[in-house]
Amino acid sequence: MTFALTALAMIAFAANSLLCRLALKETAIDAASFTFIRIFSGCLMLVLIAGIRGRSLQAIASGSWPAAVALFIYMAGFSFAYHDLTAATGALLLFGAVQITMIGYGISQGEYVKGIQFIGLFMALAGLVSLLLPGFGTPGFMGTALMLLAGVGWGVYSLIGRKSVKPLMATTGNFLRAIPVSAVLLVFAPPAQKLTSEGLYLAVASGALASGLGYSIWYGVLPRLKSSVAASTQLSVPILAALAGSVFLNETLTTELIASSVLTLVGIAIVINYAN
């Protein structure tokens, strides 16, 4: 059961990349509307789950504004970045930025780092930088910058969440606080096109299912996993996103992208596996 739930959570995480890219590529929805709908529907799902557990009021009172802002930065950057990036490239940049942010924070706080972990960190950085080299199918600068910003946002959000005794309740409160922040985004970045039902459905699926339900499953299974196992498991997300993008969006898996992915993910795996 633990394996099945863990696999389901990783599929949900990868599905966010697929759903966002699909919505922006195939429907008329804009990134600002996708962000707002994803946060709003995710909040409704989390409140529903908290209500089923009899903890709805506790969930609403949980969380914090710094965490909510970090959550918004992740989701907004994620949505706008996918205007220019493939599902695979976006997931790799996001995942790499998240892990490097968290690892870098640990180093800055004086956590002991072995020599081989520095080698792994260098490999991960080299893998991400290689994506930007001429001739490597370089993604757009703005899309890359926004996805790296999204990764930093999610990394900061995760670092804040480490201090939470009840992460699911805190996440619900953070989603609730992020709603008005994302509503402001709609004022400054109004929809350029008429919102279609297809775009709406994809945004709701990303928010309610891949985010709200996906996070619930993940937080439920986390206590059963060792920290190193939980971190290593997330290495599968960029791979799943790449495969899904190839199958459902006809995105090409180039040799350069595969090489960059291997270098980045192996480097992060080394850092994680030698952490204990």
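Just to verify a result, which residue in segment 237-260, among those that are in contact with a Gly (Cβ under 7 Å, 6 or more places away or on another chain) and part of a helix (DSSP H, G or I), is surrounded by the fewest Cβ atoms within 10 Å (Cβ to Cβ)? My answer is Glu256.
Every listed requirement among (1) farther than 15 Å from Leu265 by Cα; (2) over 20 Å from the mean Cα position of the chain (by Cα); (3) assigned to a helix (DSSP H, G or I) is met by Phe118 save one, (1).
So which residues in segment 209-229 are under 11 Å from Ala12 (Cβ atoms) and hydrophobic (A, V, I, L, M, F, W, C)? Give the steps one after another, and end with the answer.
Residues of segment 209-229 that are under 11 Å from Ala12 (Cβ atoms), as a first pass: 209-218.
Within segment 209-229, Leu209, Ala210, Leu213, Ile217, Trp218 meet the criteria.
Number of residues in segment 221-276 that are within 19 Å of Leu159 (Cα to Cα) and of a type in the set (D, E, K, R): the value is 1. In the set (1) of a type in the set (S, T, N, Q); (2) closer than 20 Å to Glu198 by Cα; (3) out of contact with any Phe, Trp or Tyr (no Cβ under 6 Å at 6 or more places or on another chain), Ser79 fails one condition alone, (3).
Only one entry of Ser164, Ser206 meets the criterion of being part of a helix (DSSP H, G or I) and of a type in the set (Ser, Thr, Tyr), and that entry is Ser206. Checking segment 37-52 against the condition returns no match, with no residue being touching a His at 6+ places or on another chain (Cβ under 7 Å) and surrounded by fewer than 24 Cβ atoms within 10 Å (Cβ to Cβ).
Among the listed residues Glu198, Glu111, which satisfies the condition of being free of Cβ contacts under 8 Å to residues at least 12 places away in the same chain and of a type outside the set (A, V, I, L, M, F, W, C)? Give the derivation first.
On the way: Glu198 fails: free of Cβ contacts under 8 Å to residues at least 12 places away in the same chain.
It is Glu111.
Residues that are surrounded by fewer than 19 Cβ atoms within 10 Å (Cβ to Cβ), farther than 19 Å from Leu18 by Cα and among the charged types (D, E, K, R) occur at least once in segment 183-195. If I ask for residues that are under 15 Å from the mean Cα position of the chain (by Cα) and not in a helix (DSSP H, G or I), which ones from segment 214-234 would you list? Matches in segment 214-234: Gln234 only.
Can you tell which of Ser227, Ser206, Ser211, Ser182 is within 30 Å of Asn273 (Cβ to Cβ), among the polar types (S, T, N, Q) and modelled with pLDDT of 90 or more?
Working: Ser227 fails: modelled with pLDDT of 90 or more; Ser206 fails: within 30 Å of Asn273 (Cβ to Cβ); Ser182 fails: within 30 Å of Asn273 (Cβ to Cβ).
So the residue among Ser227, Ser206, Ser211, Ser182 that is within 30 Å of Asn273 (Cβ to Cβ), among the polar types (S, T, N, Q) and modelled with pLDDT of 90 or more is Ser211.
Look at segment 214-227: where a residue is charged (D, E, K, R) and a partner is exposed (fewer than 14 other Cβ atoms within 10 Å of the Cβ), sitting 6+ places away or on another chain with Cβ atoms under 6 Å, you get Arg224/Thr2.
Considering segment 157-179, and only residues there that are more than 18 Å from the chain's Cα centre (by Cα) and modelled with pLDDT under 85, the residue that is nearest to Arg53 (Cα to Cα) turns out to be Lys166. Would you confirm, using the coordinates I've provided, whether Ala275 is of a type in the set (Gly, Ala, Ser) and outside any loop (DSSP other than H, G, I, E, B)? So Ala275 fails the test. Helices (runs of 4 or more DSSP H) fully within segment 3-110 that include at least 1 residues being within 18 Å of Gly143 (Cβ to Cβ) and modelled with pLDDT under 90: 87-108. Contact map, segment 150-170: residues that are touching a residue at least 40 places away in the same chain (Cβ under 8 Å) paired with residues that are surrounded by fewer than 21 Cβ atoms within 10 Å (Cβ to Cβ) and not in a helix (DSSP H, G or I), Cβ distance under 8 Å, separation 6+ or inter-chain. Pairs shown: Ile160/Ser64; Met169/Arg55; Ala170/Ser64; Ala170/Ser164.
The values are calculated or read from the model by the stated rules, or taken from the named source; none is laboratory data. None of the values given here were measured: they were computed from a predicted structure. Here Cβ is always computed from backbone atoms with ideal geometry, including for glycine, and neighbour counts include all displayed protein chains.
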